[in-house]
Amino acid sequence: MAHALELPGKYRLDRDSYLAMQSVYYPGFTVGGAAEPLSILIVLMQSQIAVPWLAVLALISLIVMHAIFWTVTQPVNRFWLTGANLSGLGASIFAGAPAAERDWMVLRDRWEYSHLARAVCAAIAFVALVIDSTL
């Protein structure tokens, strides 16, 4: 959600400012992002499911959110961090081939809109679970 809320401000940045800004997210968001799979476990372990289709909706939304990350966002992350000196968890997560695209504006759009789509998925899952827990 944080990345989605930044979108309007980041679109005002020139290339050099935008690329400099991208490096500030690591390793902080790496640690927070590593906790995201726990959200799927929480949905699966919820003991009192009043409306099963709401829990299924939440689960599907979270799975789609993660699929977007690994297929769209992560290759761009690897591109942003090409040549960065990473270690530990960050090095293992960001290892691998970066996005083949080299146009920074295309990569920016892909990265920003993938986070917007992920925020929508997270919101759907959250609302579904809140509704389910009040029934």
Practice item. Check whether at least one residue in region 118-131 is without any contact (Cβ under 8 Å) to a residue 40 or more places away in the chain and small (Gly, Ala, Ser), and report yes or no. Key: no
Practice item. Determine, yes or no, whether VAL76 is open to solvent by 50 Å² or more (accessible area, probe 1.4 Å) and either of a type in the set (A, V, I, L, M) or out of contact with any Ser or Thr (no Cβ under 8 Å at 6 or more places or on another chain) (or both). Key: no
Exercise for review: Could you grab me the full set of residues in region 48-69 that are closer than 16 Å to ALA119 by Cβ and among the small types (Gly, Ala, Ser)?
Suggested key: ALA58, SER61, ALA67
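Any residue at all in region 120-134 that's closer than 25 Å to ASP14 by Cα, out of contact with any strand residue (DSSP E or B) (no Cβ under 6 Å at 6 or more places or on another chain) and open to solvent by less than 30 Å² (accessible area, probe 1.4 Å)? Break it down into steps so the answer makes sense when it comes.
To start, the set of residues in region 120-134 that are closer than 25 Å to ASP14 by Cα comprises none.
No: zero hits.
Out of GLY83, GLY96, which single residue is modelled with pLDDT under 75, outside any helix (DSSP H, G or I) and under 27 Å from ILE40 (Cβ atoms)? It would help to see each step written out before you state the result.
Values: GLY83 fails: under 27 Å from ILE40 (Cβ atoms).
Just a single option satisfies the conditions, and that option is GLY96.
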Point to revise | Those residues of region 26-63 which are surrounded by 17 or more Cβ atoms within 10 Å (Cβ to Cβ), farther than 14 Å from SER133 by Cα and modelled with pLDDT of 80 or more, in sequence order | key: LEU59, SER61, LEU62
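Listed residues ALA125, ALA58; which is touching a Phe, Trp or Tyr at 6+ places or on another chain (Cβ under 9 Å), among the hydrophobic types (A, V, I, L, M, F, W, C), assigned to a helix (DSSP H, G or I) and farther than 19 Å from SER23 by Cβ?
ALA58
The values are calculated or read from the model by the stated rules, or taken from the named source; none is laboratory data. This one's a predicted model, so the numbers in the text were calculated from it and none came from an experiment. Don't worry about glycine lacking a Cβ; one is built from the backbone with ideal geometry, like all the others, and counts go over all protein chains shown. These accessible areas exclude ligands, DNA and RNA; they are computed on the full protein's heavy atoms, side chains included. Shrake-Rupley method; radii C 1.70, N 1.55, O 1.52, S 1.80 Å.
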